[in-house]
Amino acid sequence: MLVLGSLFVFTGWRIWKKEQITLIHDYHYTKVSEADKKPYTSKMGKATMLIGIGTILTGIIGFLSHTAYGWFAFGICFISGLAIMVFAQFKYNHGLF
């Protein structure tokens, strides 16, 4: 879980800070204008990082406590990240695809 979460965090950081929109599949950003590229990559990168953080927390909490609380953290982070992604898609790409 730590490796997978770290991969998501790293990818999200590259999308957010380096504005590497090409890490997102091309049909997700075809209608994003150049003016909206920075806020779009910011939201998508942060959402990807949030999913990664939830994955890392799941591994850490599961390792330390052997309870299902880690999966609650994952669920909250995953749903929040997905909601941010969908919001960004509709706002900047004018639809999901």
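Things worth noting here:
- Computed from label points 7 Å out along Cα-Cβ, the spacing between His94 and Leu64 is 4.7 nm.
- For the chain, the longest principal axis of the alpha carbon atoms and the long axis of helix 37-65 meet at an angle near 10°.
- If the chain linking Ala83 and Ser33 were pulled fully straight, counting 0.36 nm for each residue of separation and taking away their Cα-Cα distance, it would gain 15.9 nm.
- Lys/Arg +1, Asp/Glu -1 at C-beta; the chain dipole; positive extreme among Phe63, Ser42, Cys77: Ser42
- Computed helical MRE - 222 nm, the chain, DSSP H runs ≥ 4 contributing -39500 (n - 2.57), nearest 500: -25000 deg cm²/dmol
- Full-extension gain in nm, Gln20 to Phe72, via 0.36 nm per residue minus C-alpha separation: 15.7 nm
- Nearest-20 debye value, the chain charge dipole, Cβ charges on Lys, Arg, Asp, Glu: 200 debye
- With θ taken as phi - 60° and the Karplus curve 6.51 cos²θ - 1.76 cosθ + 1.60 applied, the whole-hertz 3J(HN,Hα) list for the range 6-19 is 5, 5, 5, 4, 5, 5, x, 5, 5, 5, 6, 7, 8, 6 Hz, x standing for glycine and proline.
- Applied to the range 71-85, the Karplus parametrisation 6.51 cos²θ - 1.76 cosθ + 1.60 on θ = phi - 60° returns per-residue 3J(HN,Hα) values of 6, 5, 4, 4, x, 5, 5, 5, 5, 5, x, 5, 5, 5, 5 Hz, with x for Gly and Pro.
- Residue order for Leu57, Leu50, Leu2, fewest other beta carbons within 10 angstrom first, comes to Leu2, Leu57, Leu50.
- Rule-of-thumb Rg ratio for the chain [Cα; 2.2 N^0.38 Å; N residues]: 1.15
Values in this text are rule-based calculations from the coordinates and carry no lab data. Just so you know, these numbers come straight off a predicted model, no measurement behind them. Neighbour counts run over all protein chains shown; Cβ positions are idealised from the backbone, glycine included.
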